[in-house]
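Chemist: Structure provided below as structure tokens; questions to follow.
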Amino acid sequence: MSNTVVLDVDGTLVDTNYHHTVAWLRAFRTVDVTVPGWQVHRAIGMGGDKLVAAVAGDKVEQDHGDKVRQAWERYFDEMLDEIQPLEGAHRLVRAATDLGLAVVLASSGKRKHVEHYLKLLDPGDVAWTTSDDVEDSKPAPDLIEVALREVKGERAVVVGDSVWDCEASARIGLPSVGLLTGGFGEDELVDSGASAVYADLDTLRAELADLPFAVVEEPKA
């Protein structure tokens, strides 16, 4: 029975969470909205279509949502050349494929950003998907479901750095493994469903064979 590792990208393989936070803070300021940085950080990992309301309220989303998202994209693009892979990212992906695991990268980011990350990561011939491929973003499980269809895995585990990754995987009955690389705490990740939490990618790589894979259930009609 084939095993699949669904890997989040932002905050898990590439060190972007704080760049995203700064870009969103600057974007909110373009419409004269000030929100606490910690609150924005806690929302990183959910889709941008949901983040504005989650952080600043429904009224800001209604009045300024699209403008804020456009500004976020502009500010984040300006920082794109600063992005670096997290230590061990390339080794993790290659070790997983060497073990015979199917690997699929599932990012809530935009396709153009993920294409840039792939050049940095050099992950080899692995499947990947982005927010452009789904209608509903994390914490909805759509992205994970699309990712699994890419590789037709029978058993899977989701690896991510945010509570939104853990919540999305739990919604479709899959186990998740958390990483501290995105700035979320161990207790937060466990409370959101992570069966284990690792400090870094190399520690996770050493235990790839012991990840808690579970049978992928067919989506309900």
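Chemist: Would you mind checking segment 64-80 for residues with the amide N under 16 Å from a putative spin-label position 7 Å along Cα→C-beta of Asp32?
Modeler: In segment 64-80, the label zone of Asp32 (backbone N under 16 Å from the point 7 Å along Cα→Cβ) covers 64-65, 68.
Chemist: Please list, ordered by chain and number, the residues whose modelled amide H lies under 5 Å from the amide H of Tyr198; skip anything fewer than 5 residues away on the same chain.
Modeler: For Tyr198, the qualifying residues are Gly178, Leu179, Leu180.
Chemist: What list of ³J(HN,Hα) values in whole Hz, one per residue of segment 141-157 in order, does the Karplus curve 6.51 cos²θ - 1.76 cosθ + 1.60 (θ = phi - 60°) give from phi, with Gly and Pro shown as x?
Modeler: Per residue, the Karplus-derived 3J(HN,Hα) values read x, 3, 4, 5, 4, 5, 4, 5, 5, 5, 10, 6, x, 8, 10, 8, 9 Hz.
Chemist: Next question, about the same structure. Past the 19 Å Cα-Cα mark, which pairs from Lys50/Lys110; Lys67/Lys110; Lys112/Lys152; Lys59/Lys110? Intermediate values should be presented prior to the final figure.
Modeler: Working: Lys50/Lys110 15 Å; Lys67/Lys110 17 Å; Lys112/Lys152 25 Å; Lys59/Lys110 25 Å.
In this structure, Lys112/Lys152; Lys59/Lys110 exceed 19 Å between Cα atoms.
Chemist: Given a Förster distance of 41 angstrom, what is the FRET efficiency for Asp81 paired with Ser2, based on the Cβ-Cβ distance and rounded to 0.05?
Modeler: The calculated FRET efficiency here is 0.65.
Chemist: To continue, here is another question. Sequence-distant or interchain residues sharing an amide H contact under 5 Å with Ile83, placed H: which?
Modeler: none
Chemist: Under the rule of -39500 (n - 2.57) per DSSP H run of 4 or more residues, summed and divided by the residues of the chain, what mean residue ellipticity at 222 nm is obtained, to the nearest 500 deg cm²/dmol? Mind showing how you got there, number by number?
Modeler: Details: 10 runs with 102 residues, N = 221.
For the chain, the value works out to -13500 deg cm²/dmol.
Chemist: Still on this structure: So what is the relative contact order of the chain, in percent, for Cα pairs below 8 Å that sit 6 or more residues apart?
Modeler: Dividing the mean separation by the residue count of the chain yields 26 percent.
Bear in mind that the values in this text are calculations on the coordinates, not laboratory data. Since the model is a prediction, treat every value here as computed from it, not as a measurement. Neighbour counts run over all protein chains shown; Cβ positions are idealised from the backbone, glycine included.
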